[in-house]
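Novice: Submitted below is the structure of interest, expressed as structure tokens.
The values are calculated or read from the model by the stated rules, or taken from the named source; none is laboratory data. None of these values were measured; they are calculated from a predicted model. Cβ atoms come from the backbone with ideal geometry, glycine included; neighbour counts cover every protein chain shown. Heads up: the accessible areas ignore ligands, DNA and RNA and are worked out on the full protein's heavy atoms, side chains in. Shrake-Rupley method; radii C 1.70, N 1.55, O 1.52, S 1.80 Å.
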Amino acid sequence: RSIGIVARWLVERRLTQAAERLERLRVELAQVDEQLGVVADAADDHELRAMVSETPLAAQEAAEARKHADALCRHRDQIRHEISELEAHSDRWLDELARG
């Protein structure tokens, strides 16, 4: 089965857009990974201080820092999932062009 000229153009356009989006996502993932290292370390420090000081304020600060680190982890996971999805779509589009 052969794809037509318009369909081929459309698949190529999708591949180009996916490649551009993948590049942006990979840059964002690297930034989030870097931020996560800092935020997770800060959360660990806050948790240690909370254990040592045993004050409600320190416990609240530790909980807030951990929430922030957890939110960043979820964001990182979302980016990884989107990268995976785009790579899978790109593979299918490449297969379609190869059969073309």
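Novice: Do we find that GLN78 is within 30 Å of LEU97 (Cα to Cα) and free of Cβ contacts under 8 Å to residues at least 24 places away in the same chain in this structure? Please lay out each step first, then the result.
Specialist: Working: within 30 Å of LEU97 (Cα to Cα): yes; free of Cβ contacts under 8 Å to residues at least 24 places away in the same chain: yes.
Spelling it out, GLN78 is indeed within 30 Å of LEU97 (Cα to Cα) and free of Cβ contacts under 8 Å to residues at least 24 places away in the same chain.
Novice: Another question, then. Scan the stretch 10-44 residue by residue and report those that are open to solvent by 70 Å² or more (accessible area, probe 1.4 Å), without any contact (Cβ under 8 Å) to a residue 12 or more places away in the chain, over 30 Å from LEU94 (Cα atoms) and not aliphatic (A, V, I, L, M).
Specialist: Within the stretch 10-44, the first condition is being open to solvent by 70 Å² or more (accessible area, probe 1.4 Å), and the residues that meet it are 12-14, 16-17, 20-21, 23-24, 26-27, 31, 34-35, 38, 41, 44.
Among the residues that remain, those that are also without any contact (Cβ under 8 Å) to a residue 12 or more places away in the chain are: 13, 16-17, 20, 23-24, 27, 31, 34, 38, 41, 44.
Now drop any that are not over 30 Å from LEU94 (Cα atoms), which leaves 34, 38, 41, 44.
Within the stretch 10-44, GLU34, ASP41, ASP44 meet the criteria.
Novice: Inspect the stretch 83-100 for any residue being open to solvent by 40 Å² or more (accessible area, probe 1.4 Å), among the polar types (S, T, N, Q), more than 30 Å from ARG8 (Cβ to Cβ) and in a helix (DSSP H, G or I) and give the result as yes or no. Give the steps one after another, and end with the answer.
Specialist: First pass over the stretch 83-100, keeping only residues open to solvent by 40 Å² or more (accessible area, probe 1.4 Å): 84-85, 87, 89, 91-96, 98-99.
Then keep just the ones that are among the polar types (S, T, N, Q); that gives 84.
If we keep only those that are more than 30 Å from ARG8 (Cβ to Cβ) too, we end up with none.
The answer is no; no qualifying residue exists.
Novice: Restricting to the stretch 52-82, count the residues that are assigned to a helix (DSSP H, G or I) and exposed (fewer than 11 other Cβ atoms within 10 Å of the Cβ).
Specialist: 5
Novice: Turning to a different aspect of this structure: Would it be correct to say that LEU48 is assigned to a helix (DSSP H, G or I), buried (at least 16 other Cβ atoms within 10 Å of the Cβ) and of a type in the set (A, V, I, L, M, F, W, C)?
Specialist: No, not satisfied.
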